[in-house]
Each structure stands twice: as structure tokens, then as C-alpha cells.
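The values are calculated or read from the model by the stated rules, or taken from the named source; none is laboratory data. Remember, it's a predicted structure, so these values are computed and weren't measured experimentally. Virtual Cβ from ideal backbone geometry, glycine too; neighbours counted across all protein chains shown. Quick note on the areas: whole protein, heavy atoms, side chains included, nothing else; ligands and nucleic acids left out. Shrake-Rupley method; radii C 1.70, N 1.55, O 1.52, S 1.80 Å.
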Amino acid sequence: MAVTERECLELQLLELEMLLSMFPKKGEINLDEDAMPGVQRYLRNTDGALPAQLGYSIAVDVGEAKEKVELQVLLPHMYPHVAPQLFARSNALHRQQQLQLNTALTSHIASLDSGELCICEAVQWVKDNSLPYLENSKISSESASKEVIAKETLHRMWIYSHHIYRQELRKKIFDCAKKLNLTGFCLTGKPGVMCVEGLRENCEEFWHAIRYPNWKHISCKHVESVETEGSIDNLRLFHAFEDLQFQAHGDYGLRNDYHMDLGQFLEFLKQHQSGHIFQILFGVEGKLSDK
């Protein structure tokens, strides 16, 4: 008999409740506050639209030193009959070790019986198998510190979204940029635009963090990389991560659906040597109106 989405979502909730009992401390499991209620509402009335995919992250202690490895989880509606999307990350891991760790994790999950809940198994695997990758990453860091690094590369990402409104999302964007020492801006409204600049790995981590678990209608429109023999700070176009709020158009006093002033935005870009980005973002050449 064919398995239904309802049955799969019920199993997903049961597994999440079990995980919450296994990791009861604050910060051990992070999930959107509407994640479980959204699935529960659908299960009470399956005639409605499917809820957003269930996504959360689990902080796993590894080794005697209790190094933190974060397991990020995104569940398709038909999980456990469809494989989950899993990603293990740690600030203590270099990109190569993180890639190797996730390749091994994916291989292990693929070897399990189809149709069985496997997030608890994934957590245990991360706990039992991450230490060698962390140790290799530490050795790599010590070796790199002995070498003279002659050049650095500034990475700059231009990100476009259909809209950016929600306060909790904006808080996540600004907190993440601050944590990763990124400069740039976030322009709220419709459409929404972000620019982040800094070290490449930090920009890529920001991009992964804000997209996760399921931000629709967002894309990285353009990437710039500039190499220097000095500090990348000398190449930054922005000196902080700015909150842009231009005068907007529309009936935004009655509903949260306002359009930003593109003319003011173009002027801002030109002030930061980035006027060419306007056409990349919007597909039209920007022109300032005569004053």
C-alpha cells in the first residue's frame, strides 16, 4: 500500500519529539518556532496546502573536549521514504575536512534501510566519527600558521530576493554578518537586496546560513573576487553592515507589501562604486532622474 504524506509527517513529528527529549537544553536543538505547529495544523486538516519542510539543527558534542558539530536537517515531505538533507558543520573544520565529513555521512545514511527514521542514527554517527576530521583540521591550521601568507582575497556577493520583510529574518541576517565580520548592506522591502563582502569562506557560510532551511525566491546574482597582497579591509566598499531603508512606494501603512525606491538605491550604489550592479540585479540599466 502506498505511503501517504500524512503518514510521513506524523513520523517526522514523532522523531522530532524524541530528539527534543534527548536534547532538552536550550540551544541544543534549534528550529523555527512555527515549524512543528505548521505540520500539526496540516495534520488536523489535510485539505490545505502542505506545510513548509521541517528543518532544524542539532548541536552535537564530539570527543572529550566536547567540540561542537552542528548537524543541520531538512526533511522532504516524504521522509523517511525519501532521504533527508543533512549537513554537518563546525567552526573548527576547514572546508576540505567538512566536505570529507559530509561525504562520509551521506554515504552512511544511504547504506541504511529505506523507509526507516534515521536522524538519531545520523546524530550518533556524527558523534562517533567527527573527531578524526577535527584533528586533521587542527593539524592543517598549525601547518598553515607556519607559512607566510602573501596574499588575501576579498569576496563580494550580491544577493537578490523577491522581498525581505520579517523582523526575525532581518535579525538573523545582521547577526550572521556581524559574527562573520562581513560588511555590506541589507535593503528591506520588495525586492530585497543584500551585499556581503569579506573572506570567501565567511561569505559562503553566510549564504548557506540565510538560505537554510528553505528561503524561496532568493538568488546570488553576482560574485566579485579581488586579490591583494595587503589586508582585504583596504578593498572593502563598505565600512560596516548597513541597514538600508529608503523612502518606499505603496500602501505599506495598511499591509506589509511596499516597494523600495530604486532611484535612491541606484544613487547609493554609485556612491559605493557599484552602479554597474543595478543592471545585474534588475536587468535594466539604471538612470538617475534629473533634479
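Residue-by-condition table, conditions (1) touching a helix residue (DSSP H, G or I) at 6+ places or on another chain (Cβ under 7 Å); (2) surrounded by 17 or more Cβ atoms within 10 Å (Cβ to Cβ); (3) in a helix (DSSP H, G or I):
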| position | (1), (2), (3) |
| --- | --- |
| LEU14 | no, no, yes |
| GLU17 | no, no, yes |
| LYS25 | no, no, no |
| ASN30 | no, no, no |
| GLU33 | no, no, no |
| ARG41 | no, no, yes |
| ASP47 | no, no, no |
| PRO51 | yes, yes, no |
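In the range 81-96, which residues are open to solvent by 20 Å² or more (accessible area, probe 1.4 Å) and not in a loop (DSSP other than H, G, I, E, B)?
GLN85, LEU86, PHE87, ARG89, ARG95, GLN96
Does the range 47-68 hold any residues that are touching an Asp or Glu at 6+ places or on another chain (Cβ under 8 Å) and among the β-branched types (Val, Ile, Thr), and which are they?
Correct list: ILE58, VAL60.
Which of the residues that make up the range 177-203 are part of a helix (DSSP H, G or I) and either out of contact with any strand residue (DSSP E or B) (no Cβ under 9 Å at 6 or more places or on another chain) or buried (at least 17 other Cβ atoms within 10 Å of the Cβ) (or both)?
ALA177, LYS179, ARG200, ASN202, CYS203
All but one of (1) within 30 Å of GLN85 (Cα to Cα); (2) at pLDDT 90 or above hold for ARG211; which doesn't?
Here ARG211 clears every test but (2).
Select, from LEU117, LEU101, the only residue that is over 30 Å from ARG6 (Cα atoms) and either open to solvent by less than 20 Å² (accessible area, probe 1.4 Å) or in contact (Cβ under 8 Å) with a residue 60 or more places away in the chain (or both).
Going through LEU117, LEU101 in turn, just one is over 30 Å from ARG6 (Cα atoms) and either open to solvent by less than 20 Å² (accessible area, probe 1.4 Å) or in contact (Cβ under 8 Å) with a residue 60 or more places away in the chain (or both): LEU101.
Considering each of HIS239, HIS222, HIS249 in turn, give the residue that is modelled with pLDDT under 85 and either farther than 19 Å from ARG95 by Cα or basic (Lys, Arg) (or both).
That would be HIS249, the only listed residue that is modelled with pLDDT under 85 and either farther than 19 Å from ARG95 by Cα or basic (Lys, Arg) (or both).
Is there any pair with a first residue in the range 236-257 that is outside any loop (DSSP other than H, G, I, E, B) and a second that is among the hydrophobic types (A, V, I, L, M, F, W, C) and at pLDDT below 90 whose Cβ atoms are under 9 Å apart and which are 6 or more apart or on different chains, and what are they?
LEU244/MET260; ALA248/MET260; HIS249/MET260
How about the range 55-72: which of its residues are assigned to a loop (DSSP other than H, G, I, E, B) and of a type in the set (A, V, I, L, M)?
ALA65
Which pairs turn up if I take residues in the range 48-62 that are without any contact (Cβ under 8 Å) to a residue 12 or more places away in the chain and look for partners that are open to solvent by less than 40 Å² (accessible area, probe 1.4 Å) with beta carbon separation below 9 Å, at least 6 apart in sequence or on another chain?
GLY48/TYR42; ALA49/TYR42
Taking MET78 as the residue in question, decide whether it is in contact (Cβ under 8 Å) with a residue 60 or more places away in the chain, aliphatic (A, V, I, L, M) and open to solvent by 20 Å² or more (accessible area, probe 1.4 Å).
yes
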